[in-house]
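I have placed the structure first, in the form of structure tokens, so that the comments after it can refer back to it.
The values are calculated or read from the model by the stated rules, or taken from the named source; none is laboratory data. Just so it is clear, the model here is predicted, and its values are computed rather than measured. Note that each Cβ is placed from the backbone with ideal geometry, even for glycine, and that neighbours are counted across all protein chains shown.
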Amino acid sequence: MTDWTDSELSSIGGAEELQLSSRRGDGTLRPYVTIWVVRAGDDIIVRSAYGVDNPWYRRAVASGSGRIRAGGVEQDVTFGRVEPDAHPGIDAAYHAKYDRYGPGIVNTVVGEKAVSSTLRLLPAD
């Protein structure tokens, strides 16, 4: 695994939305889903608005890898967990970026209920 470049962090983190595809067992990509994305420090983070039972989230966790497209960047990724102490900063990033949509929407991806459906996107070699 490598780290995101500053340019990739800016491009992906600045994108309004991200397209994410997880890999099937045979290595092929599933159809892309469009979700919100934030940059939290040097991490790219996504959360499932509908929790851990959301099909895209379950498939991503099960496969462990996939591909993303956002901000002009297309990259193979692995899906990782985040440290518990990172969640307040992730919540703040979601609020800063998406609060304009109103609390009914942004509250689906912030707070204690969102912790379990948080994935860190790591660039794959």
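Filtering segment 5-35 to residues that are out of contact with any strand residue (DSSP E or B) (no Cβ under 9 Å at 6 or more places or on another chain) and part of a strand (DSSP E or B) leaves nothing.
Of all the residues in segment 54-65, those that are crowded, with 17+ Cβ neighbours inside 10 Å and touching a Phe, Trp or Tyr at 6+ places or on another chain (Cβ under 7 Å) number 1. Would you check if there is a residue in segment 51-70 being assigned to a loop (DSSP other than H, G, I, E, B), touching a helix residue (DSSP H, G or I) at 6+ places or on another chain (Cβ under 9 Å) and touching a residue at least 12 places away in the same chain (Cβ under 8 Å)? There is at least one residue in segment 51-70 that is assigned to a loop (DSSP other than H, G, I, E, B), touching a helix residue (DSSP H, G or I) at 6+ places or on another chain (Cβ under 9 Å) and touching a residue at least 12 places away in the same chain (Cβ under 8 Å). Here G51 meets the list (1) buried (at least 20 other Cβ atoms within 10 Å of the Cβ); (2) at pLDDT below 95; (3) not aliphatic (A, V, I, L, M) almost entirely, failing just condition (1). Looking only at residues in segment 1-41 that are at pLDDT 95 or above and acidic (D, E), the one that is surrounded by the fewest Cβ atoms within 10 Å (Cβ to Cβ) is D26.
What do you reckon, is R39 closer than 17 Å to L121 by Cβ, in a helix (DSSP H, G or I) and out of contact with any Phe, Trp or Tyr (no Cβ under 8 Å at 6 or more places or on another chain)? No. Restricting attention to segment 27-62, the residues being of a type in the set (G, A, S) and in contact with a Gly (Cβ under 8 Å, 6 or more places away or on another chain) number 3.
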